[in-house]
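The values are calculated or read from the model by the stated rules, or taken from the named source; none is laboratory data. Only a predicted model underlies this, so the values are computations on that prediction, with no experimental measurement involved. Counting neighbours? That spans all protein chains shown, and the Cβs are built from the backbone with ideal geometry, glycine included.
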Amino acid sequence: MAAKPLLELRGIDKSFGPVRVLHDVSLSVYPGEVTALVGDNGAGKSTLVKCISGIYPIDAGTVTFEGREVAVHSPRDAAELGIEVVYQDLALCDNLDIVQNMFLGREIRRGIALDEPAMERLAGETLASLSVRSVNSLRQLVSSLSGGERQTVAIAKAVLWNSRIVILDEPTAALGVAQTTHVLELVRRLADNGLSVVLISHNMNDVFAVADRIAALYLGRTAAQVRASDVTHAQVVELITIGRSGNLGLPPEAPNDFADLLPGAPR
Amino acid sequence: MRASPSQEEVRRHNLGTLLRYVHVHGATSRAELTTRLGLNRSTIGALTSDLIGAGLVTEAAPRETGRAGRPSLVVRPESGRVYAYALSIEVDRIRAARVGLGGRILEQYETARPPGMSTAEAVRPLARFVSTMRSGVPDDGRCVGSGVAVSGMARGEDGMVRLAPVAGWLEEPLGEALRSGLGEHGQISVGNHADVCALAEHSRGAAAGSDNVIYLYGDVGIGAGIVAGGRRVIGHGGYGGEVGHMVVNPYGSACSCGSRGCWETEVGEHALLRLSGRADRSGRDAVLAVVDAAMRGDSQAQHALRQVGDWIGFGVGNLVNIFNPEVIIFGGTLRDVYLGAAAQIRSRLNAIGLPAFREHVRLRTPELGTDAALIGAAELAFEHLLDDPLVI
């Protein structure tokens with residue numbers, strides 16, 4: 001286990017108008033590890049991911065990549081650092097085949113023409129490195145693939161670009177059991193191959209099955225980031241639902257936090 | 001005092017090391033072999049030509065390297081010519097395969113094992129498969145022996161299998177039955193199913209590069225293949241690794257072995273099916289159906305899976321505290337049970353495992369899947385060849 005995080009977020013703030021979505025959030029992502037990002041609906045998981053991937057600018061805080069501070073202003077900046085995101089809807093084009101999808105917008109060219117053989121070879125090698133055997137032909141249309149196979153293609157697309165960090169947003173939602181197990185094993189293999197993986201999930205089994213670390217968000221704050229070997233299922237559920245568990249997590253709210261909202265309170 | 005090894009012994013050792021390297025890692029350039037094995041270039045050249053002479057490897061120039069300079073020759077195992085027969089007798093099926101040097105399955109056959117069929121009776125279909133395969137082997141093919149994976153306690157030296165069906169302990173001389181069934185075709189090695197799966201995953205699967213590994217194989221019972229310090233732990237009689245019979249609950253139910261509250265009575269197939277209200281069913285598909293139902297929200301199945309997961313955690317925690325493994329692999333039906341109950345398993349392990357032990361343990365599922373039994377069985381047969389490549 002590497003001691004130094006590849007990506008480190010400190011004190012991230014993000015507001016949409018008057019709504020404070022992220023408040024002093026921190027997150028460390030280590031190479032060769034799966035970091036699970038958990039939290040209730042509206043805890044700020046998706047917003048945090050969009051901040052990391054450069055879709056939303058952050059209001060305050062620092063982003064450190066490989067020990068140096070970086071500014072991520074656009075998805076292109078994130079891609080240059082090697083950060084790839086696989087969204088829940090996968091963002092694949094049904095009317096294109098597997099190779100076309102994997103290289104969409106970043107096609108390899110030879111002169112003015114596309115270098116199809118090179119792209120096909122790279123796509124094949126990437127899928128093989130993930131031990132994917134279920135796909136028959138690389139020239140199959142994505143519309144003909146099952147949910148699990150699509151997820152696999154989307155993940156392979158993210159891995160193709162020598163990426164360092166792959167962020168997966170609920171990769172097993174809406175999959176059958178066989179496909180879920182397949183995707184979980186794939187997620188684990190990515191990290192075992194040396195990548196950093198951030199896994200967003202609501203499913204505690206998925207989290208405990210593959211994660212090395214668990215970061216829990218609670219109402220836009222980091223409740224805790226812990227090793228998966230140090231906590232129990234019940235503790236993580238508490239972190240998600242009330243933001244603390246025993247001596248883990250956020251300090252209890254002082255009663256006067258809301259005092260100014262109470263009628264008759266001194267101003 | 002022992003004299004230092006003779007030149008001949010050193011050479012035999014080096015030949016074995018080189019052959020083992022290409023057997024495990026596949027085609028490797030001479031240059032890489034030189035750095036990996038720490039031998040000088042001319043030694044590698046001489047060893048390679050000995051192995052080529054014995055028909056165990058081939059050597060060829062690589063197609064393209066994209067680098068300047070004369071490309072280093074690539075050494076490949078003769079997967080198509082040098083092979084072992086791998087046989088697997090499982091609870092519900094019987095499989096046979098021809099596995100080439102390098103761990104490649106060249107062909108395989110499978111048939112169902114009807115309930116009640118004894119281990120010795122399984123030899124007949126196996127012998128049929130082997131003779132089918134034998135007739136198709138190319139003329140220059142070379143068989144190094146046969147390896148057998150059997151679910152049940154197996155003694156390596158003579159292939160005695162001990163089983164405990166409901167009626168008490170039975171001894172079945174599987175090794176003897178195989179020798180008469182298959183005819184004279186090299187050595188026959190018998191190993192426990194979990195043991196050979198551990199061997200396969202350790203050499204080329206999820207535990208490659210780790211020297212302390214526990215492979216837990218689940219079907220009706222639970223068995224473990226244990227690798228400690230790079231060596232298989234099989235015990236005095238060769239029966240070691242029966243973790244399914246460690247007693248975890250003295251007030252638990254009776255076990256087929258005659259004891260009470262063995263681990264497999266709490267986490268085996270019967271426990272899961274009984275808890276989920278499916279006591280009338282059995283087999284791998286029934287277990288998968290419970291995991292499936294739990295994921296779809298069947299509360300009784302979820303409850304069963306959680307309870308079994310908790311008990312799995314108890315056993316795994318004990319094993320972690322005893323062996324301090326780097327990797328634990330969940331195979332057989334335990335693969336699906338693990339992925340469906342990981343929260344409970346991990347939580348219990350975290351609660352009872354000693355911190356220094358549980359910090360670095362990786363919980364994994366098999367990489368070789370159901371092929372592991374066949375590849376591992378072949379590994380048993382290849383072992384003799386790798387120990388002394390020029391002898392056979």
Taking the stated definitions as given, is B:Ala378 of a type in the set (A, V, I, L, M), over 19 Å from the mean Cα position of the chain (by Cα) and at pLDDT 90 or above? no
Of all the residues that make up the range B:216-244, how many are of a type outside the set (A, V, I, L, M), out of contact with any strand residue (DSSP E or B) (no Cβ under 6 Å at 6 or more places or on another chain) and in a strand (DSSP E or B)? 2
Entirely in the range A:1-52, the strands (runs of 3 or more DSSP E) that have 1 or more residues that are closer than 24 Å to A:Asp77 by Cβ and free of Cβ contacts under 8 Å to residues at least 40 places away in the same chain: A:7-16
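Determine whether the range B:234-242 contains at least one residue that is surrounded by 23 or more Cβ atoms within 10 Å (Cβ to Cβ) and under 22 Å from B:Leu199 (Cα atoms). Before the answer, list the steps.
Of the residues in the range B:234-242, the ones surrounded by 23 or more Cβ atoms within 10 Å (Cβ to Cβ) are B:241.
Going one step further and asking which of them are under 22 Å from B:Leu199 (Cα atoms), we end up with B:241.
So far as the range B:234-242 goes, yes, one or more of its residues are surrounded by 23 or more Cβ atoms within 10 Å (Cβ to Cβ) and under 22 Å from B:Leu199 (Cα atoms).
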Consider A:Ala154 carefully, then state whether it is more than 30 Å from B:Glu326 (Cβ to Cβ), in a loop (DSSP other than H, G, I, E, B) and small (Gly, Ala, Ser). no
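Okay, residues lined up against (1) at positive phi; (2) under 20 Å from the mean Cα position of the chain (by Cα); (3) β-branched (Val, Ile, Thr); (4) buried (at least 21 other Cβ atoms within 10 Å of the Cβ):
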residue: B:Ala96; (1), (2), (3), (4): no, yes, no, yes
residue: B:Val99; (1), (2), (3), (4): no, yes, yes, yes
residue: B:Gly103; (1), (2), (3), (4): yes, yes, no, yes
residue: B:Glu110; (1), (2), (3), (4): no, yes, no, no
residue: B:Phe129; (1), (2), (3), (4): no, no, no, yes
residue: B:Gly145; (1), (2), (3), (4): yes, yes, no, no
residue: B:Ala149; (1), (2), (3), (4): no, yes, no, yes
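Which of the residues spanning the range A:171-186 are in contact (Cβ under 8 Å) with a residue 40 or more places away in the chain and either crowded, with 23+ Cβ neighbours inside 10 Å or not aliphatic (A, V, I, L, M) (or both)? Break it down into steps so the answer makes sense when it comes.
Residues of the range A:171-186 that are in contact (Cβ under 8 Å) with a residue 40 or more places away in the chain, as a first pass: A:171, A:173, A:182, A:186.
If the condition is that a residue be in contact (Cβ under 8 Å) with a residue 40 or more places away in the chain and either crowded, with 23+ Cβ neighbours inside 10 Å or not aliphatic (A, V, I, L, M) (or both), then A:Pro171, A:His182 are the ones that fit.
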Output for the range A:66-101, where each listed residue is without any contact (Cβ under 8 Å) to a residue 60 or more places away in the chain, within 22 Å of A:Lys14 (Cβ to Cβ) and surrounded by 20 or more Cβ atoms within 10 Å (Cβ to Cβ): A:Val72, A:Ala78
Breaking point among (1) at pLDDT below 95; (2) farther than 21 Å from B:Gly152 by Cα, for B:Val308: (1)
Would you be able to say whether some residue in the range B:268-280 is over 18 Å from B:Trp311 (Cα atoms) and buried (at least 20 other Cβ atoms within 10 Å of the Cβ)? no
Can you name every one of the helices (runs of 4 or more DSSP H) wholly within the range B:263-350 that holds 3 or more residues which are in contact (Cβ under 8 Å) with a residue 60 or more places away in the chain? B:299-323
Name the residues in the range A:154-193 that are more than 13 Å from chain B (Cβ to nearest Cβ) and not aliphatic (A, V, I, L, M), would you? A:Lys157, A:Trp161, A:Asn162, A:Ser163, A:Arg164, A:Asp169, A:Glu170, A:Pro171
